[in-house]
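One structure is given here, and the rest of the page talks about it.
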Amino acid sequence: MEIKVSVLCTAYQHEAYIRDALESFVTQQTDFPFEVLVSDDASTDGTAAVIREYAEKYPQIVRPFLLEENHYSRGINLYDAVLFPAARGQYLAACEGDDCWTDPTKLQRQADFLDAHPAYSACVHNTVAHLSDASAPDRILFEQSGDRDIPFSQVLRGMSHAFHTSSIMARREFIVNPPDFRNVAFSYGFTDYAVGLWLTMNGKVRFLDRPMSLYRIGSNPSAWSSGVGRNYAKLRRFIRGELAMLRALKPHADAEQNRLVDEVILEREYELLYIEGRVDEMVRPPYREIHRRMGFSRRVSTALKRAFPHLHRWYRKRKGFIDG
C-alpha cells in the first residue's frame, strides 16, 4: 500500500489533549491511504496509554513510538531520530499532541492542491487560537481574507505573521533533510520558524483561508514558548536563538533574501539591546533609525533610562533583569 500522507505528531504530558488530536487524525476523509506516526517522549501521565488505545483500534493507520527515556532533555530531535526515518508518505503533515484538527477534509484539500501544483513546496491553512484557561474567546489567527501565497518576507517577520505548525503539509524532500540552520534553531528550543523559512526558500507556499486546526495556547506551562513574552530569561534566549538561526541561514539565501534577513537581524539585535537594558547602544548606528521608528513612549522611556542610569540599573536588578 502506497502511503500518500504521513501525519507526524509528538506528544509529552498531553493526556488531557492527545485524544482530541488522535481522533481528529483518524477521522480524516480521504481517497488515499495515510498513516499517523505519533511519538510519546516518556510522559509520566496517561499520554502513552491513550496512544496505545488508538494504535490498537486503528492498527492500519496509527503507528506508535513510545519512548522509555525522554529524548528532548538529551537534546535529541524526535522528528530526526524517530519520525522522519519511519515516515512513508509523499507528503508530511504535522500536529503537536496538544493541538488538533477541526476539519475532516483537511488532508484531502491540501494533498489535492499539492498534486495539482508541483511548484509549491507546501500547503498551509488558517488556524483557530484557543486559550487553555478560557480567559478569552477563540479567535482566528490570520484575519486576511482569501487564499494566497505566503512569501519568504512574511515568514521572516515571524511565524505569527504567516501560519501555524498544525497547518503544514509539505513535500517530504523539503522536510526530512533539514538545513543546518534548523538544527541551530532546535538547539534554542524551536524549529517551526526555521522550517517555515526553508519551505519558502524551496518553492511557493499556499495558504488556504479555511480554519482547519486548533492551536491550544498555554496548555503546557513548562513548554519553552509558554509565557516567553513575559519571561526575561526565555525572551532573551529566544531572540538570541533567532539571531543565531538567521545568521546560519544566510549562506543558503539569495541576494534579495539576504538583504531582508539583514534588516530583520538588525531589528532583532535592537530588541535584544532593549530587553538587556543597553539603552546607549539603542540610539547609535546601526540601530538609530530603528529607534526613531519606535513609538513615543519607547523613545521617552529610553531617554529617561539614559538620563538616570543608576536608577535604571537598580530597577532592572529589582525586577530580576540582571544576572547574578
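The values are calculated or read from the model by the stated rules, or taken from the named source; none is laboratory data. Remember, predicted model here, so these are calculated numbers, not experimental data. Using ideal geometry, Cβ is built from the backbone for each residue, glycine included, and neighbour counts are taken over all protein chains shown.
Summary of values
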read-out	value
Unique match (being more than 28 Å from residue 183 (Cβ to Cβ), at pLDDT 95 or above and either under 24 Å from the mean Cα position of the chain (by Cα) or crowded, with 18+ Cβ neighbours inside 10 Å (or both)) among 65, 113, 25	113
Single residue of 115, 133 found to be out of contact with any strand residue (DSSP E or B) (no Cβ under 7 Å at 6 or more places or on another chain), assigned by TED's automatic domain parsing to the domain that holds residue 190 and in contact (Cβ under 8 Å) with a residue 24 or more places away in the chain	133
Selection count, the range 199-235, where residues are part of a helix (DSSP H, G or I), at pLDDT 95 or above and over 24 Å from residue 129 (Cα atoms)	1
Top-ranked residue of the range 162-177 - restricted to ones that are more than 23 Å from residue 143 (Cα to Cα) and of a type in the set (Val, Ile, Thr), ranked as surrounded by the most Cβ atoms within 10 Å (Cβ to Cβ)	175
Test set (1) in a loop (DSSP other than H, G, I, E, B); (2) in contact with a helix residue (DSSP H, G or I) (Cβ under 9 Å, 6 or more places away or on another chain); (3) within 28 Å of residue 258 (Cβ to Cβ) - residue 121 fails condition number	(1)
Complete set of residues in the range 146-161 that are within 22 Å of residue 7 (Cβ to Cβ) and surrounded by 20 or more Cβ atoms within 10 Å (Cβ to Cβ)	150
Those residues of the range 301-322 which are surrounded by 11 or more Cβ atoms within 10 Å (Cβ to Cβ), among the aliphatic types (A, V, I, L, M) and assigned to a helix (DSSP H, G or I), in sequence order	303, 304, 311
Any hit, the range 126-145, residues being assigned to a helix (DSSP H, G or I), crowded, with 20+ Cβ neighbours inside 10 Å and either on the phi > 0 side of the Ramachandran plot or at pLDDT 95 or above (or both)	no
Residue count, the range 3-22 (criterion: surrounded by fewer than 18 Cβ atoms within 10 Å (Cβ to Cβ) and closer than 18 Å to residue 59 by Cβ)	1
Pairs, first without any contact (Cβ under 8 Å) to a residue 40 or more places away in the chain in the range 1-26, second of a type outside the set (S, T, N, Q) and assigned to a helix (DSSP H, G or I), C-beta under 7 Å, six or more apart	15/50; 19/50; 26/54
Residue satisfying all of: in the range 68-94; more than 21 Å from residue 175 (Cβ to Cβ) and either in contact with a Phe, Trp or Tyr (Cβ under 6 Å, 6 or more places away or on another chain) or not acidic (Asp, Glu) (or both); surrounded by the most Cβ atoms within 10 Å (Cβ to Cβ) among these	70
Long-range neighbours under 6 Å by Cβ, at least six apart or interchain, first residue under 14 Å from residue 279 (Cα atoms) within the range 300-324, second surrounded by 14 or more Cβ atoms within 10 Å (Cβ to Cβ) and among the small types (Gly, Ala, Ser)	316/277
Pick from the range 289-300, criterion surrounded by fewer than 12 Cβ atoms within 10 Å (Cβ to Cβ) and not aromatic (Phe, Trp, Tyr), ranking: farthest from the chain's Cα centre (by Cα)	300
Residue that is under 29 Å from residue 138 (Cα atoms), modelled with pLDDT of 95 or more and part of a helix (DSSP H, G or I), where the choices are 281, 242	242
